[in-house]
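Here the structure comes first, spelled out in structure tokens, and everything after it is commentary.
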Amino acid sequence: MGKIIIFTILALSLLGGLLAMILHLVARKFHVEEDSRIDEIEKLMPGANCGGCGHAGCRAFATACVKEMDIEKNFCPVGGNETMKKVAGVLGLEAVTKEPMVAVVRCGGACSVRPTVTEYGGTASCRVKASLYSSDTACPYGCLGCGDCAGVCASGAIVMNPETGLPEIDENLCAGCGACVKACPKGVIELRKKGPRGMRVFVSCINKDKGPVARKACGAACIGCGKCAKACIHDAIEVTDNVAYIDFTKCKLCKKCVAECPTGAIHAVNFPVLPKKQEEQ
Amino acid sequence: MAKTFPIGGIHPADKKISRDSAIVALPLPPVVYISMCQHIGAPAVPVVTVGQKVRTGEVIAEPGGFVSAYIHSSVTGIVKSIAPRADITGKMVPHIEIETMPDEWVDTVDLSTKIACHIPDDPAAIVEAVKQAGVVGLGGATFPTHVKLTPPPGKVAEYLILNGTECEPYLTSDNRIMVERAEEIVVGAWIINRVLGKQCRCFIGIEENKPDAIEAIKKAIGRLNILSGGIYEIEVVALKKKYPQGGEKQLIRTITGREVKSMALPIDSGAVVQNVATALAVYEAVMKHKPLTTNTLTVTGDCLDDAFQRNYLFRIGTPISFVIDQIGGVPENAAKVISGGPMMGKAVSNLDATLVKGSSAILFLTESQTRRPKETVCIRCGKCADACPMGLEPFLLYRLANAANLEELEKYSVQDCIECGCCLYTCPAGLPLLDKIRLAKADVLGAIRSRKK
């Protein structure tokens, strides 16, 4: 009895040792030299595999960084400057800083100001809806309200507001990956500079129709009157195709345009509310 | 025994309510808006100026590319504006607005109703006449006919199939023209046959639920053969009532027994399919020098009074709202207006949009007919795969489309989908199969095209 046990243990140990040796030799023979920095960078990544950098996942991004030694072109928008600083450290490159970006919904056409003119009975998908017709409201440019953007957001930053019918983006959760920008068939969402303490000014409309037509379709539409462009002293606003656009690289957040807009299409967010007294003075 | 295609297909109730209503001319609208996008391909380019007087049948726009078509004025009047205007889907498309006056036809047009049957001998002259008349395929795709009549070098048409199936429920305009204008259609068919060459055999496929049309076409062939000494070798084929019997690939399979390969054109299998309405337009273009400015429109629906179930001869550019005025407004319990048939037609989101060359019907559906069943989950019953006339697996494609897996979608031939809607019609789970598959198909076709570049 004892003999059998000893024999079994010996035979199995021998077999195990032999196989381990074969595995070791094979692994040596077929070893692929891989830059260890790829692993290091991958560990630094947020790991969302969102594709916001333009690569198919974090590993592909890390490989591209090491191969191209370029962190200007290969920039992880989700990790932001902090992560990229560490990546730069690994690669021995100078850190590149970019302004953090945030997704902004450029449509203010809530249900209350933009009446529906036809009833859409199809499946609840913006892409399907856009393939069937222009819109269920008189504005063929604005948000369709089926929430494709909320569906693709990996950070759970987008929630459809049932009251307005528009998506709302939680800027603290938004990673700026741009997945929603690609998902929106109408091109309503734009990645814009987050701004100091989140302060930013933007035109919340992309309606290219002439003023009266746009106004009739939606109470919050940009009518392309150009008042904002005249008021802007930084030359940041341009009106093309009957719609104003604020260049966020030029905007100095003076808010002069906000007061000028007759339809309230220009939104200023995260500005501190001034105490009433001060305002009166 | 009526012929049919071997796989898939569905049997919706045919509801040809307006089948016995003779074609009447729609009154002249006070103003027409003629769209520059009435065909597949590049939009036409306007050649008139604001304030100019145009006569009926005059060229108002020229082709904007190789696959494009001439557009003629359907009325006599003054050009009021050339501006973008919303079409039935709300898309802004350039339109020429013409304020109408009493008709004054262009001199070259022969307005007599006598059947002309001396077909010109020169195929090139026929194709040129078809091109000059702005004829496009009236079966739905509105592909410029002169392009289809010029097979690529090395390809020979052995079969010409005239599509008189009208397999969509409700539609009756093709049925009416076959009954009322059979001889013109037969001559038109023979004109097309002459262009395609002597080797080409000619068939007319008609679903067996239209016995009067089958009878009328057969009689017309007989009568024309007595007049001409038997040149019209056209065979009328009765087809089983099954949707989509009129699909180009299904029709070729049914009549010739040949398959059209994936991503191939019908001409690769030696077949050319033309709608009967196109044959009529070809007849008018070649024998009467009359451009395509009118077409037949079915106005129908369960909620429409029997007195208003009509087949109209309309002029292109007539606003849909004007047609609706003729039948006393939108019926009370109509919930949706469709341009075309219930299976492949498009919902009209804007009643001010105008009729185009390819318009075939204005259909009113009730609330209960338009309501979609609640979306639940796929139970793998396989009904959609049984119904698919292309032999695809819609449930699988739907799942792949949701995952945006283009490689697998291509492997499972999403690009062969003919968008007939049989899968959506049969799905007991109410899944938007076609909606998603159609988008996936567009993505895959885009990927294939960019790979070829």
Within the stretch B:1-40, name every residue whose backbone N is under 18 Å away from a label modeled 7 Å from Cα of residue B:386 along the Cβ vector.
B:5-13
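How would you classify the protein assembly as shown from its alpha-carbon gyration tensor, with a ≥ b ≥ c the square roots of the eigenvalues: rounded for a/c under 1.5, else prolate if a/b is greater than b/c, otherwise oblate?
Cα axes put the protein assembly as shown in the oblate bin.
Mind ranking A:172-184, B:250-262 by how tightly packed they are, going by the mean number of other C-beta atoms within 10 angstrom, highest first? Before the final figure, lay out each step's value.
Numbers: A:172-184: 19.8, B:250-262: 18.3.
In descending order of packing, they fall as A:172-184, B:250-262.
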Tell me, A:134, B:81, B:360 in order of fewest to most beta-carbon neighbours within 10 Å?
B:81, A:134, B:360
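Remind me, relative contact order of the stretch A:1-91 in percent, using alpha carbon pairs under 8 angstrom and six or more residues apart?
Values: 56 pairs, mean separation 21.4, N = 91.
Rounded, it is 24 percent for the stretch A:1-91.
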Mean-square fluctuation maximum in Gaussian network of chain A, Cα pairs under 10 Å, restricted to A:25, A:132, A:12, hits A:12
Over 20 Å (Cα to Cα) among B:240/B:346; B:131/B:290; A:98/A:193; B:114/B:198 -> B:240/B:346; B:114/B:198
Please list, in order, the residues from the stretch A:106-135 whose amide nitrogen is less than 19 Å from a point placed 7 Å along the Cα→Cβ vector of residue B:376.
A:123-124
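Any idea what the relative contact order of the stretch B:145-244 is, in percent, if you count C-alpha pairs under 8 Å spaced at least 6 apart? Show your work: numbers first, answer last.
Values: 126 pairs, mean separation 33.8, N = 100.
About 34 percent, as a whole number.
Report the FRET efficiency, 1/(1 + (r/R0)^6), for residue B:180 and residue A:60, where r is their Cβ-Cβ distance and R0 is 56 Å, rounded to 0.05. If you can, show how the numbers build up before the last one.
Details: r = 65 Å, r/R0 = 1.17.
Between residue B:180 and residue A:60 the formula returns 0.30.
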Dipole check, chain A, charges on Cβ (K,R +1; D,E -1), about Cα centroid: among A:61, A:189, A:269 the Cα furthest to the positive pole belongs to A:269
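At a 10 angstrom cut-off on C-beta neighbours, averaged per residue, how do the peptides B:25-34, A:262-271 rank from highest to lowest? Please list the in-between numbers first.
Values: B:25-34: 19.0, A:262-271: 17.0.
Packing order, densest peptide first, comes out as B:25-34, A:262-271.
Can you compute the FRET efficiency between residue B:7 and residue B:452 using 1/(1 + (r/R0)^6), with r the Cβ-Cβ distance and R0 = 25 Å? Round to the nearest 0.05.
E between residue B:7 and residue B:452, to the nearest 0.05, is 0.25.
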Would you mind telling me the antiparallel percentage of the DSSP bridges in the stretch B:1-141, rounded to 5?
95 percent
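Is the shape of chain B best called rounded, prolate or oblate, per the rule: a/c under 1.5 gives rounded, else a/b larger than b/c gives prolate, else oblate, with a ≥ b ≥ c the square roots of the Cα gyration tensor eigenvalues? Intermediate values should be presented prior to the final figure.
Details: a/c = 1.42, a/b = 1.19, b/c = 1.19.
Rounded, since a/c falls under 1.5.
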Points 7 angstrom from Cα along the Cβ direction at residue B:212 and residue B:83: gap in nanometres?
4.4 nm
Violating pairs (Cα-Cα greater than 26 angstrom) within the set A:86/A:255; A:216/B:91; A:129/B:241; A:210/A:230; B:148/B:411
A:86/A:255; A:129/B:241; B:148/B:411
Counting only DSSP beta bridges with both partners in the protein assembly as shown, the antiparallel fraction in percent, to the nearest 5, comes to 70 percent
Cα centroid of the stretch B:113-153 to Cα centroid of the stretch B:333-348, whole Å:
30 Å
Please check which bits of the stretch B:44-72 a label hung off residue B:128 would reach, taking the label as a point 7 Å along Cα-to-C-beta and the cut-off as backbone N under 18 Å.
B:59, B:63, B:70
To the nearest 0.05, how large is the calculated FRET efficiency for residue A:250 and residue B:445 if R₀ is 60 Å and r is the Cβ-Cβ distance?
0.90
Express in nm, to one decimal, how much length is gained between residue A:159 and residue A:240 on full extension, taking 0.36 nm for each residue of separation and deducting their alpha carbon distance.
26.1 nm
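Every number in this text was worked out from the coordinates using simple rules, so none of it is lab data. Treat the numbers as computed from the prediction; the structure is a model and nothing was measured. Methodologically, a virtual Cβ is constructed for each residue, glycine included, from the backbone with ideal geometry; neighbour enumeration extends over all protein chains shown.
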